[in-house]
Amino acid sequence: MSKKALSGLMIGLIVGAFTWVYAMEEEPKEIVREEVDKSTPAPEQKEEEKKSPLWGISAEKIKVEKIVQLTTDGGVESIQFSPDGKKIVISGRGETWIMDADGKNKGTLSKNALPNWIGKQVSGSPLYSLSSPDGTKIIELSHDKSHKYWEASPYRLGKIKNLTTGKEIIFPTKMYSSMIQWSPDGQKIYYNAPGAYSYIIDVNGTILTRFYHDGEFVWAPDSIKVAYSDMEIEGDLGDLVGSEIYVMNAKGTGKIQLTKTPGKTGIEVSPVWSPDASKILYRREYDGNYFVLILGVKEVEE
C-alpha cells in the first residue's frame, strides 16, 4: 500500500474513531437528561420547611389568625405542647390535664400515666442553660469584684468558651445570671442586664439588639424570631398592672404586638411556642387566677 493510501486510511480511522467516541459521549447525555426531566422528583424539602409555612418567616410577616381560651378553671400553673405539637398539657392545683391543640378531647392524667416528655423542653430552648444546644460551647460566669457589694449582687460577668478550640468571647455587658437563653440553633444568646434591659448577641459577642424588657422571653424553635411578655409595673411596690405578648426578629426588627387586652380584663404572660412555630400558648392572669389561651398566627398576605 502506498504511503498516500496509508495516510488516507489512518486519517479515516482517526475521524471515525473520534466520531464514534463523540457519539458515545453525547448520546448518554441526551438519555440522562430526558430521564431527569421525566422521572426525577423535585429536591426533598429540608426538615424545617416541613414543619409549617411559618417556619423561618420573619416577625413582621405574621399576624394573629385567632385566639381561643382553652380553660375556664383559673388554677393554671404550667403549660406546654407535646413534642409533635398536637397535644397540650396543663398543670395546676395538683392535677394535670391533656387536650388536643384546638382545646378538644380534654382529659385528666393520673400521676402514674404521665408521658415522659411532661416537664421537659420540647420547643424553643431551655429557660436557663449555660451550655449550647450542641454542647460545643459553654457560658462561664463570675462575680464582678469591682462592685462594692459584689457578693450580694445578682449580676455577673460572662464569657462564651468554645470547648473545642478553647477560644473565649467576653460578654459586652454584665448579666443577670438566671436570665440566659441560647437560641435553638446555638448561634445566638439572650440575656437580661442591669436596668431591665435585655440583649441578644451572637456567639462572637456582637450585639444584635438591646431592648427594654420587663417580662418573660422565649425563642421561637426556628431561631429566627422570639416571643416575650412586656409587663407594665406601677407604684413603689412594683404592682403588675398590665402585660401583653409580642414577637420580634432576633435582630430587634419587626416588633409586633400579638395580644391587645382591653382595660384591666387580663394580664398576658408565659408565652410558649409550638414546635412548628405556628402557635403560641400563654396564660392570662385575672383577679389572681390564671387561664390558658392559644394564639394561632399566619403569614400576612402581600
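Values in this text are rule-based calculations from the coordinates and carry no lab data. Just so you know, these numbers come straight off a predicted model, no measurement behind them. Ideal geometry is used to build each Cβ from the backbone, glycine not excepted, and the neighbour counts take in all protein chains shown.
Hey, can you grab everything whose amide H is under 5 Å from the amide H of T96? Only 5+ residues off in sequence or another chain; H modelled, so Pro and N-termini drop out.
Sorted by chain and number, the residues that satisfy this are L109.
Using the number of other C-beta atoms within 10 angstrom as an exposure proxy, rank R284, R210 with the fewest first.
Fewest-to-most ranking of R284, R210: R210, R284.
Between Y149 and W117, what length comes free when the chain is fully extended (0.36 nm per residue of separation minus the Cα-Cα distance, one decimal in nm)?
Value of the extension gain: 7.4 nm.
Can you sort L130, L281 so the residue with the fewest Cβ neighbours within 10 Å comes first? Mind dumping the intermediate values first?
Details: L130 16, L281 22.
Taking fewest neighbouring Cβ atoms as first place, the list is L130, L281.
Listed here are the pairs K104/K298; K159/K255; K137/K159; K145/K174; K137/K251; K188/K225; which of them are more than 18 Å apart at the Cα?
K104/K298; K159/K255; K137/K251, as the Cα separations exceed 18 Å there.
Which residues' amide hydrogens lie under 5 Å from the amide hydrogen of W117, considering only partners 5 or more residues apart or on another chain, with H built in the peptide plane?
Excluding prolines and chain starts, which carry no amide H, there are no hits.
Suppose R0 equals 41 Å; then what is the FRET efficiency for K167 and V64 from their Cβ-Cβ distance, rounded to the nearest 0.05?
Between K167 and V64 the formula returns 0.45.
Starting at the first residue of the range 210-224, write each ³J(HN,Hα) from the Karplus equation 6.51 cos²θ - 1.76 cosθ + 1.60 with θ = phi - 60°, in whole Hz, x for Gly and Pro.
10, 8, 7, 8, 10, x, 9, 9, 8, 6, 6, x, 8, 6, 7
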